[in-house]
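*Asks:* The following block contains the structure, expressed as structure tokens.
What follows draws every value from the coordinates through simple rules; no lab data is involved. All values reported here derive from a predicted model rather than from experimental measurement. Ideal geometry is used to build each Cβ from the backbone, glycine not excepted, and the neighbour counts take in all protein chains shown.
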Amino acid sequence: MYAWIFRHLPGPLWLRLLISVLLVGLVILVLMEYVFPWANQFVPWTDSTIGMVLPR
Amino acid sequence: MPKVAQGTGMPAGAPPRGSRRGPLSAAVGVFGELFLTAGVVLLLFVAWQLWWTNLDAGRTQEAAVEHALEGFSAGPPAEPAEGPALEGDTFAVLYVPRFGEDFARPVAAGVGLDVLNTLGIGHYPETQMPGEKGNFAVAAHRQTYGEAFRDIHKLREGDLVYVQTAKGFYTYAYRSTQIVHPSSSEVLAPVPGRPGKEPSEAVLTMTSCDPPFTTKMRIIAVSVLESFTPAADGPPVAIADTVAQARK
């Protein structure tokens, strides 16, 4: 899969390497900025509060 | 990266190497790559939680402190200021020298994740306000999202915790720490641990996760109000530099 993508990148080897690095960087950025913040709501381990029902 | 290793040394324009492999082997190869990718993505998610969230939250919290301090210096708000603040409203700034020379964090109303994941420290809305007799209880993350209470276990007897509001500076002296179950809401009672009892002193309760990196238990640090410095008198000497720095 990745080999296939790499073969279909244009240009000489150095350019394809550069494009690969940029693509990987872009994917990481999209994950960090958009995907992970969204996915986080399904993660149960971020609660640091005490049970909200107060005994009176 | 596998793609680099497999792609090197090929003459330009050569037929795709994949055509020499059987369909099964190609499918297995793709599956392998997908699993590797999933592993890397999970590691990245951990990195995002432990590191990236702090960058975002750090900026937000710094800005919130600055904004709050500007509001405070504009003079005390028109009374009554005691009404319930809107969720997400920054109404105080917390200074804990033990957590670092430059530790100044906003305290916002509400303990929903939308508050804790951005502004950092949230005030339990059912509990009292700073300086009031009873329990001024706040929560914050121990890790991630600015990890305001990362060093909560380092508090020692004699440590002072300062809460600044529009009225002035409340100085609390640290008293004790305990580890409780997440459902132990009695620690938020006006007299911590004694629900229903009439409070005689003003305390500050800080809650966070324990052990670090888990949410199994909660760590509770209780401090007692020692003194109040009106805003007009300026910040207590111990945090004067921190306040000046936070104001910029």
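*Asks:* Could you check B:I179 against (1) β-branched (V, I, T); (2) free of Cβ contacts under 8 Å to residues at least 60 places away in the same chain; (3) on the phi > 0 side of the Ramachandran plot and say which number it fails?
*Replies:* (3)
*Asks:* Looking at (1) in contact (Cβ under 8 Å) with a residue 12 or more places away in the chain; (2) among the hydroxyl-bearing types (S, T, Y); (3) within 19 Å of B:G146 (Cβ to Cβ), can you tell me which one B:T214 breaks?
*Replies:* All conditions pass for B:T214, except number (1).
*Asks:* Among the residues of segment B:197-233, count how many are in contact with an Asp or Glu (Cβ under 9 Å, 6 or more places away or on another chain) and of a type in the set (K, R).
*Replies:* Final tally of qualifying residues: 2.
Okay, residues lined up against (1) without any contact (Cβ under 8 Å) to a residue 24 or more places away in the chain; (2) among the hydrophobic types (A, V, I, L, M, F, W, C); (3) buried (at least 17 other Cβ atoms within 10 Å of the Cβ); (4) more than 7 Å from chain B (Cβ to nearest Cβ):
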residue	(1), (2), (3), (4)
A:Y2	yes, no, yes, no
A:W14	yes, yes, no, yes
A:L18	yes, yes, no, yes
A:L23	yes, yes, no, yes
A:V30	yes, yes, no, yes
A:E33	yes, no, no, yes
A:P37	yes, no, no, yes
A:Q41	yes, no, no, yes
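*Asks:* For segment B:107-139, which residues satisfy the criterion of being hydroxyl-bearing (S, T, Y) and out of contact with any Leu (no Cβ under 8 Å at 6 or more places or on another chain)?
*Replies:* B:T118, the sole residue that qualifies.
*Asks:* Hey, can you tell me all the residues within segment B:48-59 that are surrounded by 15 or more Cβ atoms within 10 Å (Cβ to Cβ), facing another protein chain (nearest Cβ under 10 Å) and not acidic (D, E)?
*Replies:* B:W48, B:Q49, B:W52, B:T53
*Asks:* In this structure, does B:D114 turn out to be over 18 Å from B:E186 (Cα atoms) and in contact with a Lys or Arg (Cβ under 7 Å, 6 or more places away or on another chain)?
*Replies:* When the stated conditions are applied, B:D114 does not pass them.
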